[in-house]
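Below is one structure, written out as structure tokens; comments come after it.
The values are calculated or read from the model by the stated rules, or taken from the named source; none is laboratory data. Small disclaimer: the values here were computed from a predicted structure and weren't measured. Note: ideal-geometry Cβ built from the backbone for every residue, glycine included; neighbour counts use all protein chains shown.
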Amino acid sequence: MTRLEPGSATHESSHFVASGAQDRNMSASAEPALKVEGVIHWYGARAALTDVTFSVAPQSFTVLLGLNGAGKSTLFSLITRLYATRSGRLSIYGADVARSPGLALAQLGVVFQSRALDADISVEQNLVYHAALHGIGGREARARAAASLAKVDLSDRLGDKVSQLSGGQVRRVEIARALLHRPRLLLLDEPTVGLDIRARAAILKHVRALIAQERVGVLWATHLIDEAETGDDVVILHKGRVLETGTVAEVTGRQGAKDLSGAFSRLTRDEGDEGMR
């Protein structure tokens, strides 16, 4: 993963290539699954993102870690074109999100923080409708719906109404929906919010398995520090700025901390924050 040295004057002068998980997953000639370069975004007079730069390697699990209000959802809105990018560049496997949105977004699957399924119709109907939005219809849509549900262990709920599912099952259906058009990059914005410990663990297990099964890169946005594992790539986003990137082990080591929670606390100490769970 490309890292930013905190306190650098410009992102151009502070780039260097990390040796951790990205080197294992992406050769020098390969395009990043996602590349974020110098992104700035404002809401009126308030800066929501300031010179945000990092990359996600193909077939990797990258945790975008930050407190609520750090700018995670704003960044997702820019990547998915809900907001226009006014400053900086976003690309998905080399396709510029602003200049070639069709090519870029065709490679992207998204699970937003807010629930997006129709609770009054069946799981299959939800998936088939979503497939139609991607130009997939009829028998092919039903086949993909069944295959996607199998990947998240919900084949037996195909005909059930969404209202009959638990919160964790709804999230798994949303992940299945995001996979229908066979994306190469999967974005998940706070996907475990409101779920119990067992449901959270199940979601993480299924998404991590998809990296090998579907050969996708994953950007997982969360404020829950225990969702990051030692070998994961991590981007610490705080008040709209990237404070650190690298593997969890690298970030922890550079901060001289016992764990990622301690590293986060040290990075944000001057901001007066209390740390993360």
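Below are the figures for this structure:
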{"read-out": "Those residues of the range 97-129 which are part of a loop (DSSP other than H, G, I, E, B), touching a strand residue (DSSP E or B) at 6+ places or on another chain (Cβ under 8 Å) and touching a residue at least 40 places away in the same chain (Cβ under 8 Å), in sequence order", "value": "107, 112, 113, 119, 120, 121"}
{"read-out": "Test: residue in the range 37-54 that is assigned to a loop (DSSP other than H, G, I, E, B), among the polar types (S, T, N, Q) and either crowded, with 21+ Cβ neighbours inside 10 Å or in the same structural domain as residue 228 (by TED's automatic domain parsing) (or both)", "value": "no"}
{"read-out": "Qualifying residue in the range 256-266 (condition: modelled with pLDDT of 95 or more, within 13 Å of residue 63 (Cβ to Cβ), under 15 Å from the mean Cα position of the chain (by Cα) and part of a helix (DSSP H, G or I))", "value": "no"}
{"read-out": "Identity of the residue in the range 117-139, among the hydrophobic types (A, V, I, L, M, F, W, C) and loosely packed, with under 14 Cβ neighbours inside 10 Å, that ends up farthest from residue 184 (Cα to Cα)", "value": "119"}
{"read-out": "Of all residues in the range 60-69 being modelled with pLDDT of 95 or more and outside any strand (DSSP E or B), the one that is nearest to residue 245 (Cα to Cα)", "value": "66"}
{"read-out": "Qualifying residue in the range 156-166 (condition: closer than 28 Å to residue 33 by Cα and touching a Ser or Thr at 6+ places or on another chain (Cβ under 9 Å))", "value": "no"}
{"read-out": "Residue match in the range 229-247 (condition: part of a helix (DSSP H, G or I) and under 15 Å from the mean Cα position of the chain (by Cα))", "value": "no"}
{"read-out": "Looking only at the range 112-154, and only at residues there that are hydroxyl-bearing (Ser, Thr, Tyr) and touching a Leu at 6+ places or on another chain (Cβ under 8 Å), the one that is farthest from residue 170 (Cα to Cα)", "value": "148"}
{"read-out": "Hits in the range 204-228 (condition: of a type in the set (A, V, I, L, M) and not in a helix (DSSP H, G or I))", "value": "216, 218, 219, 221, 224, 228"}
{"read-out": "Where a residue in the range 252-265 is of a type in the set (D, E, K, R) and its partner, wherever it lies, is in a helix (DSSP H, G or I), with Cβ under 7 Å and at least six apart", "value": "259/252"}
{"read-out": "Residue selected from the range 140-159 under the condition outside any helix (DSSP H, G or I) and not hydrophobic (A, V, I, L, M, F, W, C), by the criterion surrounded by the fewest Cβ atoms within 10 Å (Cβ to Cβ)", "value": "159"}
{"read-out": "Of residues in the range 166-221 being among the polar types (S, T, N, Q) and not assigned by TED's automatic domain parsing to the domain that holds residue 35, the one surrounded by the most Cβ atoms within 10 Å (Cβ to Cβ)", "value": "169"}
{"read-out": "Some residue of the range 72-91 being surrounded by fewer than 21 Cβ atoms within 10 Å (Cβ to Cβ), outside the structural domain of residue 232 (by TED's automatic domain parsing) and in a helix (DSSP H, G or I)", "value": "no"}
{"read-out": "Flag if residue 178 is on the phi < 0 side of the Ramachandran plot and free of Cβ contacts under 8 Å to residues at least 60 places away in the same chain", "value": "no"}
{"read-out": "Output for the range 63-82, where each listed residue is under 13 Å from residue 49 (Cα atoms) and of a type outside the set (Val, Ile, Thr)", "value": "66, 69, 70, 71, 72, 73, 75, 76, 77, 78"}
